[in-house]
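Reading through the structure tokens given below for one structure.
Derivation of every value follows stated rules applied to the coordinates shown; laboratory data play no part. This is a predicted model, so every value here is computed, not measured. Using ideal geometry, Cβ is built from the backbone for each residue, glycine included, and neighbour counts are taken over all protein chains shown.
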Amino acid sequence: MRRDSVAGDLYVPEGVTVANRGSLLASDIDGIVIDDEQATLVGDWRSDGDLPNYVGQGYLYSWGGGAKATYPVNVEKPGFYEVQINWHPHGNRARQLAVLVTDATGEHRITIDQTGKPDDETHFRSLGVYQFKANDSGKVLIDSDGARGVTHIDAVVLRPSEKKVAPKSPQNGDQTNRSKPDIIWILAEDISNELSCYGEPGVQTPNIDLLADDGVRYQRAYCTGPACSISRSAMMSGVYQTRIDAHDHRRIGSFTFPAITQYLRSAGYFSAKGCGYSGKTDLNFTPAEKLFDGNDWAEADPEKPVFAQITLAATHRMDTRGKKWDEIRDQSKDPVPLDDVRLPPYFPDVPEVRRDWAVYLDQIEYVDTQVGEILARLESEGRYDNAMIIFCGDNGRCHLRGKNWLYEPGLKVPLVIKWPGGKRSGDVVDGMVSMLDVTATVVDVANATPTEKLDGQSLTNDRFTRELIFAARDAGGEVKDHIRSVCNGRWKYIRNYVPELGYTESKYTREHRPMRNIMLKLRERGELTQTQLLVLAGTKPEEELYDLKADPHEINNLADDAQHEDVKGRLVIQLNQWIESCNDTGLKELGTKLVSQ
């Protein structure tokens, strides 16, 4: 370990040999190479030579925050240079690693994610094109403070570039002179409307609330399917997943289909995924072209508008994520008090359940902190004002009756959109919106031309209105269920094609729903109400009908109530028409297309 030292004075842990195996010689690399041996290092750095394709004797890494490395840039010929750095990708690498490039125009802050794999085996990634003066003191500063994971550094390479426009300095907050707005799409995983701007008690989401103040909050936004891969397949294709054989969770269907990034690319956009956070795509169809152009908008030509899709994964509860949820709560300075939470009536009000819900809200607060980081970066780079910024969920919350089911908690997601130039600041929309409408809006704002007909409508239309929301759920893991639903705003109709499965959860889902085990024990002791027993029922009704105005938690099934036959009949016809119009690939497996009439 070393502090305020120059490379060459390496700390080598006992038993670690700095080898030359698989290394790259600086003389063999095209461009100006600045190895870590030439960097000024501050903080706790360690050396290692165990991995191939590093430059020189080895690479450096740091487990903790606060370590910095400054690579001096002194070029003999003034001009434009593409700046690249290299590292070895790994799941434990740093996320949100700050890089500051200082060139002739000022300072440029970039955030990178070292977990992502490069497009080739060189391990070099571009940080963009910058302008340097001859023999001037430019620099590339890598700062691990605030990064999550192991920071890995090796070499910086400068290569002469034909590009003649350097990026503007973000210090003055100038907006770019591009005519098209940047589009930043932030997706939180497995989240419903439990945010403070939606009135949820106990939770505080100040950054998302501020975004809503600057934009529009949509009260009733719905995904087309209650799991990530089916919902994302619809969002990224612009059509219902049942139209393109993308209806089964985590099964790649038979369709090759254009993703919206293909349309945006044709409209001049650079598309990036992750940007220092998760770059999850999770599609069930094969994109007709390369999905994204890079892993950060910093890689884009400065004259190009950018489309970035960023996933925030804290609210996604997996078997390993359950421990992470507890860690986030333990580290929180102000964890959500158990007495402040408001439980749905189908959950028993016992301390274990209250804690499980409070921990979920803690994850939402963590996501809100990440949203604040993204907004701060956009502000610092002068991109915020002219950007369209979307915050939403990819599907509903990962609790019982949520994810995987067509009830409101499984389909209803938060949606906040900040429009370019501050248009419609502070508006609240009470009408229904499909996430397919968000996709259509992105394509519209980019002035892109889709080659396939989109199933959504652009929200830029002042007369926008959505009369019906459709959703579908098919196979998930080993559970081969088939469910369809339609909602007209007040009434929701659900058709269960395999009612004998009941509310069977896949092994994948059971592992991250501890509340289920709590409720099973309470059922054995006879301590659940009739409403709570619905969650664990061994069979489902073939048809369900709910009055969402009178019964927002969807407890009282009115499908067999003669008083509501006309309402149900109209919804059945509308659902049939939708199934036929999509040529529903999920129901073909059952040899049927229509629900009963």
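Observations
- Principal-axis tilt of helix 435-445 within the chain, Cα atoms, nearest 10 degrees: 40
- Highest to lowest packing among 464-470, 416-422, 224-230, scored as the average C-beta count within 10 Å: 224-230, 416-422, 464-470
- Working from label points 7 Å from Cα in the Cα-to-Cβ sense, the residue 549 to residue 162 distance is 6.4 nm.
- Degrees between helix 228-237 axis and first principal axis of the chain (Cα, 0 to 90, nearest 10): 80
- The protection proxy used here, the mean number of other Cβ atoms lying within 10 Å of each residue, ranks peptides 473-480, 74-81, 444-451 as follows, highest first: 473-480, 444-451, 74-81.
- Cβ charges +1 (Lys, Arg) and -1 (Asp, Glu), total dipole of the chain, debye: 720
- Taking label positions 7 Å along the Cα-Cβ direction at both residue 267 and residue 510, the computed distance is 4.6 nm, reported to one decimal.
- When each of 59, 407 is scored by the number of other beta-carbon atoms lying within 10 Å, the sequence from fewest to most is 407, 59.
- Expected 222 nm ellipticity per residue - DSSP helices of 4 or more, -39500 (n - 2.57), all of the chain, to 500: -6000 deg cm²/dmol
- Neighbour counting of Cβ atoms within 10 Å sorts the residues 545, 501, 522, fewest neighbours leading, into 501, 522, 545.
- Computed from Cα positions, the angle between helix 321-331 and the longest principal axis of the chain comes to roughly 70 degrees.
- Charging the Cβ of each Asp and Glu at -1 and of each Lys and Arg at +1, and nothing else, the dipole of region 220-307 about its Cα centre rounds to 360 debye.
- The slack between residue 376 and residue 580, meaning 0.36 nm per residue of separation minus the straight C-alpha distance, is 68.8 nm.
- With the simple spin-label model, which puts each label point 7 Å out from Cα in the Cβ direction, the residue 467 to residue 423 separation comes to 2.6 nm.
- This model, with +1 at the C-beta of Lys and Arg and -1 at the C-beta of Asp and Glu, gives region 183-463 a dipole about its Cα centre of some 720 debye.
- Radius 13 Å from Cβ of residue 549, net charge of other residues (Lys, Arg +1; Asp, Glu -1): -2
- If the chain linking residue 105 and residue 536 were pulled fully straight, counting 0.36 nm for each residue of separation and taking away their Cα-Cα distance, it would gain 148.9 nm.
- Cβ-based charge dipole, the chain, positive-most Cα from 41, 158, 586: 586
- Between the beta carbons of residue 133 and residue 288, assuming R0 = 51 Å, the FRET efficiency works out to 0.70 to the nearest 0.05.
- Estimated at 0.36 nm per residue, the fully extended path between residue 564 and residue 145 surpasses their Cα-Cα distance by 144.8 nm.
- Checking the cross-link pairs 280/324; 273/324; 423/492; 304/423; 568/588 against a 29 Å limit on the alpha carbon distance flags 423/492 as lying beyond it.
- Placed amide H near residue 257: partners under 5 Å, 5+ positions off or other chain: 286, 288
- Fraction of the pair-distance distribution of the chain above 35 Å, Cα-Cα pairs, percent: 43
- Dimensions of region 183-463 based on its C-alpha atoms, expressed as ranges along the principal axes with the largest first, amount to 54, 43, 38 Å.
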